[in-house]
Structures are given as C-alpha cells and as structure tokens.
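Each reported figure results from applying straightforward, stated rules to the coordinates on display, with no laboratory input. A quick note: this is a predicted structure, and the numbers were derived from the prediction, not measured. Here the Cβ positions follow ideal geometry from the backbone for every residue, glycine too, while neighbour counts run over all protein chains shown.
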C-alpha cells in the first residue's frame, strides 16, 4: 500500500487550523490517504495532546523562526498556512511570517501550499479604505507566493459567524430587546462563515488540486444582509425574536465603542473600514461563491444552524 501523504497544518489548535486537522483526521475520503502533521507552539498543552490522541503527529514550530518552519514542512505534500494578525496587530510582521512560510514551502518542495488569504482592500477601494491592514498583509503574502511560483491555492475565509453572538447581537437597554448592531446599512452583503467549516473547503482544495493551483477558494456559506441575520434569529428564537431588530451604528459610535474596550485607535479605524467594505466594495469584491460551492462536497453550516448551537446565546433562549 502506498504511504500516506503528509499535510502540515499550522495553527492546528486554533479555529481554522483546528478544523483542517480534524477534517483530515476523521473524513472518510481523507483519513486513509493523509497523515496530519499538526504544528503548534506548545506540544504539551491539552489541545495538542487531544490532536495526538486522534492520530496526528504533533510538532512544535515558531512562526518567527524560519528554520523551524522548514523542519515542519519537510516531507509534506500539502501545507495549510495561517497567521494571526491580531496577536501583535503588526502588518509588517505578518507579511514577514507569511513570506517565511512561502520560502519554507519552496525550499521543501511542497506540492500544494494553501494560504489563508484575504483581498488587498487598499487596492480594491483605490485607496479609499487604506487601513484594513489584516486584509492587505495577507494579500501581500498571496502576491509573493504567486511571484515565487510555488504551487499554491488561496483560501479566503468569510466573515466569522462567531463574531456576532454576544458582542454585536445582544439585549439592548432599556427594554433588553435583542439588537444586532453594525456600522453598515441593513442591506449590506456579508459572506458568512463558520470556522468549523474550514476543513470542508481545504478538503475540496486537495481533492481538486490541479484545478485549483493559482486559484482562490471563497470560504463562505452564503451572502447575507444584517436584516436577513435578524430574520434568521427570529426563526430560531421566536419568543426573543418578537422584538429583535437591526440598528445601524454611526461610524464614530462604532469606533468609540471599540476604543472603550481597550482597542487602539488605529485598530478601531481598521475594524470600521473592514465593515464599510461590505457596503462600498464587497468583502470579496463582488465575487460569486458558486464556483467554490460546486467543489465542496460537504454541507456548509447556515447562519440559523450556527446560532441555534452558539454557546454565546443563553441556553434557555426561546
């Protein structure tokens, strides 16, 4: 029997990487053909041990140490690479980390480098929205991977559904009516995404490798408006939903709320422009999800399914 191919998964104990690792360890079409090399900073923590118990090869690597990246990718057929801008909020650092990942993939002869990317919003908006650093930095790495010429596929995750319950969708005083609040119009188009679905998209990427080299995968279930998100809430929680509503925040109010929670001024502006993107240029620049969906075999999580099971909503919510 042919030996299994290795997929090196960075961020294997995080949201995106964790889903990828779990999918390749459990999916019937993948588990017999692939070995998961799960990369984490700390192999002794509980989440790392759980991966090992499921059958993953758990290895330590530091994303700021290129030599450790090369070691983690050695012998791998595919790599899923993701970085965390919000850990340091330093775009230049994220670009360096991403380029080191690309260089390590080239050095080790990886056959499919799957980069968790996003669009360059400064370019998309012709400079109007020039502060969405966590998009632009990932796009810079995508550009670099294309320039270097490694065999790569680019996964662009949508707007995390997990961002919404609790902070952005919660009871609002004085009447405690459930209110969804964004600084965008009720009809803005949002590509919603459950991070637990990441593995479903990456499964499609490896099963359709030749077709997807140099291509983008748009990681979203569907486009939804804020108004439709509220309607979904009403269906899942009809009692609480009787008075549920959408409230469009003024831009300055949104920024001030973020700053009051300790977010630096530049990051609050970054988040505001991230939202304005939905209304003005489109999260994916107007791209259709159809081509991606045609390749994804597994059912993607809907907004109503997600909120029904979200631990951020009270267990007794009706």
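A few remarks follow.
- Using R0 = 45 Å, the C-beta based FRET efficiency linking residue 298 and residue 106 works out to 0.90.
- In plain terms, the bigger the Kirkwood radius, the slower the diffusion; for the chain, with that radius from Cα pairs, at 37 °C and 0.692 mPa s, Stokes-Einstein puts D at 160 µm²/s.
- Cα gyration tensor shape of the range 99-207, rounded if a/c is under 1.5, else prolate or oblate by comparing a/b with b/c: prolate
- Where a label projected 7 Å from the Cα of residue 168 along Cα→Cβ would reach, residues of the range 115-134 with amide N under 19 Å: 117-122, 129-134
- Highest-MSF residue in the chain out of 278, 155, 306 [GNM, Cα springs under 10 Å]: 306
- Between helix 15-26 and the chain: long-axis angle, C-alpha atoms, 0 to 90°, nearest 10: 50 degrees
- Axis of helix 133-148 versus longest Cα principal axis of the chain: the two differ by about 30°, to the nearest ten degrees.
- Entry note, the chain: the mean residue ellipticity at 222 nm calculated from DSSP H runs of n ≥ 4, each adding -39500 (n - 2.57), is -12000 deg cm²/dmol after division by the residues and rounding to the nearest 500.
- Among 125, 260, 68: highest mean-square fluctuation, GNM of the chain, C-alpha pairs under 10 Å: 260
- Relative contact order for the chain, counting Cα pairs under 8 Å that sit 6 or more residues apart, in percent: 16 percent
- Using alpha-carbon coordinates, inclination of helix 251-260 to the longest axis of the chain, degrees: 70 degrees
- Oblate is the label for the range 209-318, because the ratio a/c of its alpha-carbon gyration tensor axes (a ≥ b ≥ c) is 1.5 or higher and a/b is not greater than b/c.
- Overall shape: oblate for the range 32-173, with the ratio a/c of the largest to smallest alpha carbon gyration tensor axis at 1.5 or above and b/c at least equal to a/b.
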